[in-house]
Amino acid sequence: MIKQHYSLLIKITLLAFIVGAISLPSIIEIISPFWLLLAFIYWLVYSGNTRIYSSAFVLGILLDVLQGGILGQNALALIISSAFILNVKKSFLVSNLTTQQVYVFFASLIYLILFLTTYILVQGLEIQWLVISAPFTGAIFWPVIRSLLAKLKH
């Protein structure tokens, strides 16, 4: 059973990395959601695994290495966002799709705040301000991501 959970995590992680690596116009890349966070939220909610924080750390470090960013930036944001989702997991499971989108929005907002705080502390205040729309796009894409990953799960 544990191998199934990790095989699902590996599948959705690879899918999130591939989708995140697709070259798009710069505006679309800036406003696109945090793909790994959406995939990880799905895995958190719909699998009963126990090593969540270590998985979030490893995936965050992998994303940092793949993006060439500040080491630990995505890992910290993914861990704290995961803690929020774990806190509302029982409610998330029984909620309708709109309420799930609100939870995804707040998890994405937490991710964005931690990501930008780390970035600004290290590199200064040179950011694209359209990035603040990423939590909105994450919430908008959640129903599509959820249905696609549910098909991938089976």
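Inter-label distance, L130 to L66: 2.2 nm, where each label sits 7 Å from its Cα along the C-beta direction.
Each residue of region 55-66 in order: what ³J(HN,Hα) in whole Hz does its phi give by Karplus 6.51 cos²θ - 1.76 cosθ + 1.60, θ = phi - 60°, with x for Gly and Pro? Those phi angles translate into 5, 5, 5, 4, 5, x, 5, 4, 5, 4, 5, 5 Hz.
The distance linking region 97-130 with region 6-55 is 15 Å (Cα centroid to Cα centroid, whole angstrom). Among 121-133, 15-27, the peptide with the highest mean count of other Cβ atoms within 10 Å heads the list, and the full ranking is 15-27, 121-133.
Counting every pair of alpha carbons in region 2-153, the share spaced more than 24 Å apart comes to 26 percent.
None of the figures in this text is laboratory data; all of them are computed from the coordinates on show. What you see is a predicted model; the values in this text were computed from it and never measured. Virtual Cβ from ideal backbone geometry, glycine too; neighbours counted across all protein chains shown.
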